[in-house]
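In what follows, a structure is listed as structure tokens, so that the remarks can point back to it.
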Amino acid sequence: MCNPIAFEEFIVYGMTKSALDRMTKNYCVKLAEFGVRINNINPGPVETNIHDRNAPDNSPAYGDKVQKLLNRCCPLRRGAAPEELDDVFLLLAEEKSSYITGACWEIDGGMVNFAPDPNDYQV
């Protein structure tokens, strides 16, 4: 059984993402007078090799276990392909988004709204 949600690294990772959200909301006020917009994109699970690179004891099955767990906790039941995030980044960089500042966008397949059953955490 693998429960990566309990690992310290995931707790620190989540706290860091929350801190960036708060910083985005605070600094958008300070930077607006200079014409600087600040937004934050919070991706959910993205199909990369991050879990394999951070596997304890270089366990080759670790990444697969983590990905299965994340897929269970995501309403779309999959991670995003990296290119699925491209348009969000491009939109926020364009002039037509000039009124968007202080926004924290969850691009996570609905994961932020999902209320998993405790059995979803079992892999």
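Only the coordinates and a few stated rules stand behind these numbers; no lab work does. Because the structure is predicted, anything quoted here is derived from the model rather than measured. Positions of Cβ are backbone-derived with ideal geometry, glycine not excepted, and every protein chain shown enters the neighbour counts.
Value of Rg to Rh for region 4-121, rounded to two decimals, is 1.03; Kirkwood radius and Rg both from alpha-carbon coordinates.
Here's how it looks for ILE41: its modeled amide H is under 5 Å from those of TRP105, which are all 5 or more places away or on a different chain.
Below 8 Å, C-alpha to C-alpha, sequence gap of six or more: please give me the relative contact order for region 4-121 in percent. Working shown, then result.
On the way: 135 pairs, mean separation 39.1, N = 118.
Computed over region 4-121, the figure is 33 percent.
The packing ranking of peptides 71-83, 27-39, highest mean first, is 71-83, 27-39, where packing means the average number of other beta carbon atoms within 10 angstrom of each residue. Placing unit charges on each Cβ (+1 for Lys and Arg, -1 for Asp and Glu) gives the chain a dipole about its Cα centre, and among PRO75, PRO45, TYR99 the Cα reaching farthest toward its positive end belongs to TYR99.
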